[in-house]
Amino acid sequence: MADKKTTPATTKKIIRKKFSGVVVSDKSDKTIVVKVDRVKIHPKYHKRYKVSRKYKVHDENNEFHTGDKVTFVECRPLSRDKRWRVAK
């Protein structure tokens, strides 16, 4: 019987979404709230405007505090709202 060998063509690399933003809250244990700003362009008037969104991010060692700039990536669901973890 032939052995199954993994070749570079059969292995998949998981592409995870990556964002960076500013910590706005660190009151929860092992969780920080990060605000991510991005610029959108209005479809009709072509004016740029800022849109922000908050993400709950897992911070295992409670090392980040309000005002810090962090980069975080997508991961498996850790709770009802947390699907992100701090990138190392």
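The values are calculated or read from the model by the stated rules, or taken from the named source; none is laboratory data. Just so it is clear, the model here is predicted, and its values are computed rather than measured. Positions of Cβ are generated from backbone atoms using ideal geometry, with glycine treated the same way; all protein chains shown enter the neighbour counts.
Out of the range 30-45, which residues are over 30 Å from E63 (Cα atoms) and of a type in the set (S, T, Y)? Full working, then the answer.
So the first thing to find is which residues in the range 30-45 are over 30 Å from E63 (Cα atoms), and the list is 40-45.
Listed by number, the list holds a single entry, Y45.
Go through (1) under 18 Å from D81 (Cα atoms); (2) free of Cβ contacts under 8 Å to residues at least 24 places away in the same chain; (3) touching a strand residue (DSSP E or B) at 6+ places or on another chain (Cβ under 6 Å) for I32 and report which single condition fails.
Against the list (1) under 18 Å from D81 (Cα atoms); (2) free of Cβ contacts under 8 Å to residues at least 24 places away in the same chain; (3) touching a strand residue (DSSP E or B) at 6+ places or on another chain (Cβ under 6 Å), I32 comes up short only on (2).
Can you say whether K35 is outside any loop (DSSP other than H, G, I, E, B), touching a Ser or Thr at 6+ places or on another chain (Cβ under 7 Å) and over 17 Å from R16 (Cβ atoms), as far as the supplied structure shows?
Details: outside any loop (DSSP other than H, G, I, E, B): yes; touching a Ser or Thr at 6+ places or on another chain (Cβ under 7 Å): yes; over 17 Å from R16 (Cβ atoms): yes.
For K35, the condition - outside any loop (DSSP other than H, G, I, E, B), touching a Ser or Thr at 6+ places or on another chain (Cβ under 7 Å) and over 17 Å from R16 (Cβ atoms) - is met.
Using the structure shown, decide if T71 is surrounded by 10 or more Cβ atoms within 10 Å (Cβ to Cβ), in a loop (DSSP other than H, G, I, E, B), touching a residue at least 12 places away in the same chain (Cβ under 8 Å) and among the β-branched types (V, I, T). Reasoning before the result, please.
Details: surrounded by 10 or more Cβ atoms within 10 Å (Cβ to Cβ): yes; in a loop (DSSP other than H, G, I, E, B): no; touching a residue at least 12 places away in the same chain (Cβ under 8 Å): yes; among the β-branched types (V, I, T): yes.
Against the criterion (surrounded by 10 or more Cβ atoms within 10 Å (Cβ to Cβ), in a loop (DSSP other than H, G, I, E, B), touching a residue at least 12 places away in the same chain (Cβ under 8 Å) and among the β-branched types (V, I, T)), T71 does not qualify.
Kindly provide the set of residues from the range 40-68 that are over 23 Å from I15 (Cα atoms) and assigned to a strand (DSSP E or B), ordered by number.
Those that are over 23 Å from I15 (Cα atoms) and assigned to a strand (DSSP E or B): K40, I41, R48, Y49, K50, V51, S52.
In this structure, does K13 turn out to be at pLDDT below 95 and either surrounded by 10 or more Cβ atoms within 10 Å (Cβ to Cβ) or not aromatic (F, W, Y) (or both)? Quick ask: steps written out before the conclusion?
Details: at pLDDT below 95: yes; either surrounded by 10 or more Cβ atoms within 10 Å (Cβ to Cβ) or not aromatic (F, W, Y) (or both): yes.
Against the criterion (at pLDDT below 95 and either surrounded by 10 or more Cβ atoms within 10 Å (Cβ to Cβ) or not aromatic (F, W, Y) (or both)), K13 qualifies.
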